[in-house]
Each structure stands twice: as C-alpha cells, then as structure tokens.
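*Asks:* Quick one: the structure is below, and I'll ask about it shortly.
Every number in this text was worked out from the coordinates using simple rules, so none of it is lab data. The shown structure was predicted, so the numbers you read here are calculated from the model rather than taken from an experiment. Cβ: placed from backbone, ideal geometry, glycine included. Neighbour counts: every protein chain shown.
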Ligand SMILES: [Zn+2]
C-alpha cells in the first residue's frame, strides 16, 4: 500500500543564533594563500563574511536527535575502533524530520518527504557593523592560538584557529513542511534537538569550549497550502515567542500549532 502524502503547509521558524563562545565551522583550505590561516572558517565568497551552512546546522541537529532517540549504534559492536555509522531506519522521528539518508525506495517511502529545510545563517546586520568595530575594518573573525600538546613528548605545538568571536549573532531560518496532520507533533523533536544543541556545540573544537550557541528571539508562522494557492495570510504561532528553547520543549502542545 502506498502512503498518501498531501502538502498541507509550512512552518517558518526564525530567530537568532547567538555565539556564547568562539565558533569555528571549518572552511576550505584548498588554494589558501601561503602564510594564511591553516584552520579557516567557512566564508561567503561574495562578501568574505563567515556564515553557518544549513548543512552544518541540520547535520548537528540530526545527530543530537538520533542520540536522544537511541538511534545511534555501532554496526559491528565487536569492532572496537569502528565509528558510529549513519542511521537510516525510515521509521523514526529523525528519519521523518531530516530525511532517511538512504536511497532504498521502501525506506524513503516509509519516511516520506523530508520535512525540514535549514537555510544558511548569515551574520545579523548588527554583527556586520559591530564585529569590525571590535576587530578592525573588514575583519569578522579572530585567530585563537591553541596549544596541542603532544601526548608522548609533552611538547606544545601551537596552532592558530580562526573563529567567529563570542557575541556574534546570525539570523537563522528553518522550514518545516507538513504532509500529514501527525507531522505537527514532530516539531517537538526538532525543538528537543535545538535544546540539546545549546548544551552541546556547533562546529569544531566543541570539547575545548568552542561553538557554544543559544537560540534567541524565536518566532514562527504557519503558511497553509492556501497561502501559496490564493495568497491567504500567514498565521503567527505566538506560543514560542519570548521563550528559551528548553521552555518551548516543556510547554509543547500540538494544539498550539494548529493556528
Ligand atoms: Zn530512523
């Protein structure tokens, strides 16, 4: 039997990602100039400003939700050094929200269309103004020198890492598509992953204190299928406004999202 998927509308979630500590999302070192930073951050080539790729944020949220749901397991538990493999059951909330990460037709059919799209997050206009005031004209990042201690010789090997400084903010947008009434309840799992991210880290060096972020100034609206067909107005979902992520999770009631 084939499941019937019918597009009902989209939730548009927006807010700010506030960097509590320096953020390092690695960029491309290929072709990097000699004498340049060997650990650069990813930048928008149009304006040289750092950004958070949607794929980085989406990947981290998926990973955290898989841990939360107990979906991360070793494929071969006997192999000591094996890394955790990608997960794709097609049945769980992570697969439905983030996509099944698998091309097998039956797994894709079970999971249905990927519900979540994560846009690239760019610096807020305030940070575009403020960062060069702190760092120097045209500069949006800082170099942090870290000492990697050789565990055998105990010799320090200092290496600079480029970071977006603490205090910087990015505008973020995620879009959550609804294809069945039950999909709305999946939002709670997305918020759980976002709450977990605030106690985890984004980008590299999380275990050394980099990448601590907070979601701020959240707002949401519902754009029904009629919004796209007839230009009907979008409807705000005010329940998440002025709330911290963990509060949004603990207060979540699916009725509040049926606006
Ligand atoms: Zn799954």
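*Asks:* So, of the residues in the range 226-239 that are free of Cβ contacts under 8 Å to residues at least 24 places away in the same chain and in contact with a helix residue (DSSP H, G or I) (Cβ under 8 Å, 6 or more places away or on another chain), which turns out to be surrounded by the fewest Cβ atoms within 10 Å (Cβ to Cβ)?
*Replies:* Among those residues, the one meeting the criterion is 233.
*Asks:* Would you pick out the residues in the range 96-114 that are outside any helix (DSSP H, G or I) and crowded, with 22+ Cβ neighbours inside 10 Å?
*Replies:* Across the range 96-114, the qualifying residue is only 100.
*Asks:* Looking at (1) surrounded by fewer than 17 Cβ atoms within 10 Å (Cβ to Cβ); (2) not in a loop (DSSP other than H, G, I, E, B), can you tell me which one residue 154 breaks?
*Replies:* (2) is the only condition that residue 154 fails.
*Asks:* Right, another one. Could you tell me which residue of the range 180-225 is surrounded by the fewest Cβ atoms within 10 Å (Cβ to Cβ), considering only residues that are part of a loop (DSSP other than H, G, I, E, B) and at positive phi?
*Replies:* So the residue we want is 209.
*Asks:* Might you check whether a residue that is assigned to a helix (DSSP H, G or I) and either touching a helix residue (DSSP H, G or I) at 6+ places or on another chain (Cβ under 8 Å) or free of Cβ contacts under 8 Å to residues at least 12 places away in the same chain (or both) occurs anywhere in the range 159-179?
*Replies:* no
*Asks:* Still on this structure: Identify, by number, the condition in (1) crowded, with 18+ Cβ neighbours inside 10 Å; (2) within 16 Å of the ligand (Cβ to nearest atom); (3) under 23 Å from residue 25 (Cβ atoms) that residue 161 doesn't meet.
*Replies:* Condition not satisfied by residue 161: (2).
*Asks:* Got a number for residues in the range 84-109 being touching a residue at least 60 places away in the same chain (Cβ under 8 Å) and near the ligand (Cβ under 10 Å from one of its atoms)?
*Replies:* 4
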